[in-house]
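Reading through the structure tokens given below for one structure.
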């Protein structure tokens, strides 16, 4: 075809449908100089060669520009360039500081942090790795010449490797270059054009490569996020392609996860955000005090959460009003006050948020572009020993009531109680039967084993465990045994894996991998129709890799990586729980 016959090329583009197959869009931060935004062609050609669609992101510090760009991309490549202004790190410039680029500094710090919150895959190169550290709680040394024993700023051609780096074998980088590293005893040959370097990668990253003199040459996320930073310039090297292929692949996975979330309801069945109401939280801001708010739910592509009124169980000799932060006369008044505050919070954000009382409400809200809050009670103490209060709370729209918390109450014995009743009390039997009639789900998280089995026998409807995990993997009385799980499934119930560290592993720090292991075990015991996720965010829930609502999209990415089908992911993300909610609500009399 004649290269100048552009109309023929246009006709070829329109000859079939679709005109182009989907490819992930990768934004590349543009350099700035001499009044121009510019970019070396090796960056965008490397992205194209890896199967991505490159666009240049100008160095604008206007947050509207940044956020709207991030909303339309699937990955981010942070390019190289000159030094950062050390004032952004609260430091004065050292004598050997090079030329800074004032146009880029703020723009890139904001871009990285906002992309991080949105879980967008990132590859950072040279200056980019330093920008990652500065934006995400690490530190950059302004000049390394006083401790460097390798020449890190070369005048050789950029395509020429000039020194070696040692790669951590148990790393993404190690897997990308596995064959090369195997042949070279873990060594990768790279180029080098810098006099600054990351000297502390911060808590969000781990070092995955160092030069012979101990200078950090690569970092990657320790939170199971798709983020890599390298000090060298892979876009100029013959063997640099694996890094760009990784970025494009991760960006495609991110795109697919986001599209999946558009098609399904994503429901977290337990959060305790009202516990922070006494501190004056703002659900409409990205409030550092809480793990669930409108910003974080949006960043994590989360549709809904069941927000509970949690009531602490008084110890012997205590009275309830003395152990809560608001001036109330009794537990019922306290629960009502919490629900009043939730409804006020929703009203203040009514353009983006709505109360949902039924599964149909959830789907209607999603269609309208609204996030949903469902209401629950954690601890049947809320009814204050009065069955009539159940109807009151049913009319307020609660979808479940957790019968007890940490300590026996007048309804049943707790997993952390004293076996006061030997299971469910006589009054508790009346409570469960009344909940069945009113269409309120019976939640047995926190209940002791005898209480659990009693509830299975008493309830005429399936019961749920809104935030529990597997005792076989973590021996804790709050978790369910395999037999409990089998019996729960046999009666049609569900167990929602929770993200509390102490319920996922006995020793050390729990991560998203532990949560996935509990989910896999629950599915093996109960089947895919009886599982879900109840984070317990703002009630001590939150683990590395799933620390708040903004990271919920990562849970989906892990499920997709484990080859769960879309139908199975839909069930895990709330369809199972909503099936029971619909059944229980339909049976009310």
Scan of region 409-438 for residues that are in contact with a helix residue (DSSP H, G or I) (Cβ under 9 Å, 6 or more places away or on another chain), in a loop (DSSP other than H, G, I, E, B) and in contact (Cβ under 8 Å) with a residue 40 or more places away in the chain, ordered by number: 409, 415
Those residues of region 569-589 which are surrounded by fewer than 18 Cβ atoms within 10 Å (Cβ to Cβ) and closer than 18 Å to residue 524 by Cα, in sequence order: 570
Hits in region 20-40 - residues which are at pLDDT 90 or above, surrounded by fewer than 10 Cβ atoms within 10 Å (Cβ to Cβ) and either over 30 Å from residue 247 (Cβ atoms) or more than 32 Å from the chain's Cα centre (by Cα) (or both): 36
Qualifying positions in region 250-265 - touching a residue at least 60 places away in the same chain (Cβ under 8 Å) and either assigned to a helix (DSSP H, G or I) or more than 19 Å from the chain's Cα centre (by Cα) (or both): 250, 251, 252, 253, 254, 255, 256, 257, 258, 260, 261, 263
Hits in region 364-392 - residues which are surrounded by fewer than 15 Cβ atoms within 10 Å (Cβ to Cβ) and under 24 Å from the mean Cα position of the chain (by Cα): 367, 368, 369
Subset of region 9-19 [within 23 Å of residue 248 (Cβ to Cβ) and either modelled with pLDDT of 95 or more or assigned to a loop (DSSP other than H, G, I, E, B) (or both)]: 18, 19
Breaking point among (1) assigned to a loop (DSSP other than H, G, I, E, B); (2) assigned by TED's automatic domain parsing to the domain that holds residue 338, for residue 277: (1)
Of the criteria (1) within 28 Å of the chain's Cα centre (by Cα); (2) part of a loop (DSSP other than H, G, I, E, B); (3) in contact (Cβ under 8 Å) with a residue 40 or more places away in the chain, which one residue 476 fails: (3)
Residue in region 315-328 that is surrounded by 16 or more Cβ atoms within 10 Å (Cβ to Cβ) and in contact with a strand residue (DSSP E or B) (Cβ under 9 Å, 6 or more places away or on another chain) present: no
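Considering only residues that are touching a strand residue (DSSP E or B) at 6+ places or on another chain (Cβ under 6 Å) and in a helix (DSSP H, G or I), look in region 357-386 and name the one that is nearest to residue 445 (Cα to Cα). Walk me through how you get there before you give the answer.
Start the filter on region 357-386 by keeping residues that are touching a strand residue (DSSP E or B) at 6+ places or on another chain (Cβ under 6 Å), which leaves 362, 365, 370-380.
From the residues that got through so far, the ones that are in a helix (DSSP H, G or I) too are 362, 365, 380.
Numbers: 362: 23, 365: 28, 380: 12 Å.
Only one residue fits best here, namely 380.
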Among the residues listed as 474, 412, 470, 465, the single one being farther than 21 Å from residue 376 by Cα and crowded, with 24+ Cβ neighbours inside 10 Å: 470
Residue tally, condition crowded, with 24+ Cβ neighbours inside 10 Å and either in a loop (DSSP other than H, G, I, E, B) or out of contact with any strand residue (DSSP E or B) (no Cβ under 9 Å at 6 or more places or on another chain) (or both), over region 393-408: 2
Helices (runs of 4 or more DSSP H) contained in region 509-589 and holding at least 2 residues over 22 Å from residue 256 (Cβ atoms): 512-526, 576-586
Residue match in region 439-449 (condition: in a loop (DSSP other than H, G, I, E, B), under 21 Å from residue 520 (Cα atoms) and without any contact (Cβ under 8 Å) to a residue 40 or more places away in the chain): no
Those residues of region 331-356 which are crowded, with 17+ Cβ neighbours inside 10 Å and in a loop (DSSP other than H, G, I, E, B), in sequence order: 349, 356
Odd one out for residue 100 among (1) surrounded by 18 or more Cβ atoms within 10 Å (Cβ to Cβ); (2) over 21 Å from residue 232 (Cβ atoms): (1)
Enumeration of residues in region 21-78 that are touching a strand residue (DSSP E or B) at 6+ places or on another chain (Cβ under 7 Å), in contact (Cβ under 8 Å) with a residue 40 or more places away in the chain and in a helix (DSSP H, G or I): 43, 47, 69
Options 523, 553; residue that is free of Cβ contacts under 8 Å to residues at least 12 places away in the same chain and either over 21 Å from residue 416 (Cβ atoms) or surrounded by fewer than 24 Cβ atoms within 10 Å (Cβ to Cβ) (or both): 523
The one condition in (1) out of contact with any strand residue (DSSP E or B) (no Cβ under 7 Å at 6 or more places or on another chain); (2) more than 23 Å from residue 471 (Cβ to Cβ) that residue 558 fails to fulfil: (2)
Options 507, 514, 538; residue that is surrounded by fewer than 18 Cβ atoms within 10 Å (Cβ to Cβ) and assigned by TED's automatic domain parsing to the domain that holds residue 562: 507
Which listed residue, of 558, 530, is in contact with a helix residue (DSSP H, G or I) (Cβ under 9 Å, 6 or more places away or on another chain) and buried (at least 24 other Cβ atoms within 10 Å of the Cβ): 530
Top-ranked residue of region 295-314 - restricted to ones that are in contact with a strand residue (DSSP E or B) (Cβ under 9 Å, 6 or more places away or on another chain) and surrounded by fewer than 20 Cβ atoms within 10 Å (Cβ to Cβ), ranked as nearest to residue 352 (Cα to Cα): 298
Criterion: at positive phi and touching a strand residue (DSSP E or B) at 6+ places or on another chain (Cβ under 9 Å) - qualifying residue of 446, 421, 450: 446
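The values are calculated or read from the model by the stated rules, or taken from the named source; none is laboratory data. No experiment lies behind these values; they were computed from the predicted model shown. Virtual Cβ from ideal backbone geometry, glycine too; neighbours counted across all protein chains shown.
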